[in-house]
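See structure below.
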Amino acid sequence: MKRILVAAALLSASFASAAMAQDLIAQATSPLPDALKASATVINYDAKGNATVLRQGTGVLVCVPDQPTEGFAVSCFNKALRAQNDMTAKLRAEGKDAKAIQAAVAEARTAGKLPLAPMGSMRYSRGGKTEADARTTWVIALPNMTGDMLGVPDKKGPPGLPWLQAAGTPGAHLHISNGVPTAAAPM
């Protein structure tokens with residue numbers, strides 16, 4: 001009888017863990033167009049910044065569910081940026097602030113330890129104070145491009161207008177935000 005109870009408890013815990021993983025996978029892939037959700041790899045980070053693969057995908061995108069930080073944020077990025085994301089998670093776990101993390105990533109890129117985002121690769125994200133008010137943003141990697149080269153502003157404007165951040169640097173990227181909470185935005 002004791003063995004049956006232990007087996008039942010383990011089976012119950014296994015189902016609960018599988019359901020939790022499915023919830024995290026759905027959350028992590030929520031910024032993606034439906035056509036890309038099934039092929040994305042989904043990883044999660046623990047309190048020490050170590051990654052666990054929740055689902056191995058077949059596509060080029062890697063998605064991360066909301067991490068225990070201020071506000072709500074999920075993102076999907078090109079697998080070429082996995083090392084950068086892993087480094088960021090480790091530094092965040094060590095208590096580094098956003099500015100220190102950004103500097104460390106830039107230094108690692110300059111030293112050739114981290115690859116640049118492939119030209120034209122996408123980052124899909126949702127973020128906000130809460131999941132309910134999260135807004136979707138699409139980011140296109142355009143290393144070393146400038147606003148003048150692309151015909152877009154290099155300063156953030158009203159929601160919905162594209163703009164180039166970090167213009168002229170290896171980390172240059174075009175932001176496109178729909179400015180509408182995801183629950184109300186078409187995908």
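Read-outs throughout are calculated quantities, based only on the coordinates presented, and are distinct from any laboratory measurement. Note that the structure is predicted; figures quoted are calculated from it, not measured. Positions of Cβ are generated from backbone atoms using ideal geometry, with glycine treated the same way; all protein chains shown enter the neighbour counts.
Among Pro162, Pro170, Pro33, determine the one that fluctuates most according to a GNM of the chain built with springs between C-alpha atoms less than 10 Å apart.
Among Pro162, Pro170, Pro33, the largest mean-square fluctuation in the Gaussian network model of the chain belongs to Pro33.
Test of understanding: in a Gaussian network model of the chain with alpha carbons linked when under 10 Å, which of Ala117, Ala132, Ala40 would top the mean-square fluctuation ranking?
Comparing Ala117, Ala132, Ala40 in the GNM, the peak value goes to Ala132.
So which trypsin sites (Lys or Arg not before Pro) in the range 79-109 end up in coil per DSSP with only 16 or fewer other C-beta atoms within 10 Å?
Lys96
Please count, across the chain, the pairs of lysine residues with Cα atoms under 25 Å apart that sit 8 or more places apart or on different chains.
Counting lysine pairs in the chain gives 23.
Rounding to the nearest 10 and keeping the result within 0 to 90°, find how far the Cα-based axis of helix 2-28 lies from the longest principal axis of the chain.
20
When the helices in the chain are scored as -39500 (n - 2.57) per DSSP H run of 4 or longer and the sum is shared across all residues, what 222 nm value do you end up with, to the nearest 500 deg cm²/dmol?
Calculated at 222 nm, the ellipticity per residue is -10000 deg cm²/dmol.
Working from Cα positions, state the angle (0 to 90°, nearest 10) between the long axis of helix 98-110 and the longest principal axis of the chain.
Value to nearest ten degrees: 70.
According to the square roots a ≥ b ≥ c of the eigenvalues of the Cα gyration tensor, what is the shape class of the range 32-187, taking rounded for a/c under 1.5, prolate for a/b larger than b/c otherwise, and oblate for the remainder?
Here the range 32-187 falls in the rounded category.
Once you keep just the Cα pairs under 8 angstrom separated by 6 or more residues, what percentage relative contact order results for the chain?
Reported as a whole number, the value is 15 percent.
What list of ³J(HN,Hα) couplings, whole Hz, do you get for the range 134-145 from phi and the Karplus terms 6.51, -1.76, 1.60, once you set θ to phi - 60° and write x for glycine and proline?
Whole-Hz 3J(HN,Hα) from phi for the range 134-145: 5, 10, 8, 10, 10, 10, 10, 6, 9, x, 6, 7.
From the phi angles alone, apply the Karplus equation (6.51, -1.76, 1.60; θ = phi - 60°) to the range 88-93 and give each ³J(HN,Hα) in whole Hz, x where the residue is Gly or Pro.
Karplus values, whole Hz, x for Gly and Pro: 4, 4, 5, 5, 5, 5.
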